[in-house]
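The values are calculated or read from the model by the stated rules, or taken from the named source; none is laboratory data. Since we're looking at a predicted model, the values are computed, not measured. Glycine also receives a Cβ, built like all others from the backbone with ideal geometry; neighbour counts cover every protein chain displayed. With ligands, DNA and RNA removed, areas are computed over all heavy atoms of the protein, side chains included. Shrake-Rupley method; radii C 1.70, N 1.55, O 1.52, S 1.80 Å.
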Amino acid sequence: MNPEQVTELIRKSVDYGQCKGLTVSVGFGDASRADDLFLEQLANQLYRDGIRRFRYADTLSVHHPAP
């Protein structure tokens, strides 16, 4: 899937949950492998859509400070 398709799929899922009266949280699984600009744009769009909770998974530990 391209970024536009991913965004549309997530937004449809979010809309479905919100229409059912649910508090929706979006998880960015394996996000440390994704393009940072895409994640930023996606999070901003979802925030405009009413999402206030995001989870970011750093499966590669690239954002973990080394000792």
Scanning the range 9-24 residue by residue, the ones that are within 12 Å of the chain's Cα centre (by Cα) and farther than 16 Å from Y47 by Cβ total 1
Taking T23 as the residue in question, decide whether it is outside any helix (DSSP H, G or I) and open to solvent by 100 Å² or more (accessible area, probe 1.4 Å). yes
Assuming F54 fulfils every condition listed in (1) over 11 Å from the mean Cα position of the chain (by Cα); (2) outside any helix (DSSP H, G or I) apart from one, which condition is it? (1)
Name the residues in the range 33-67 that are open to solvent by less than 80 Å² (accessible area, probe 1.4 Å) and farther than 18 Å from I10 by Cα, would you? D58, S61
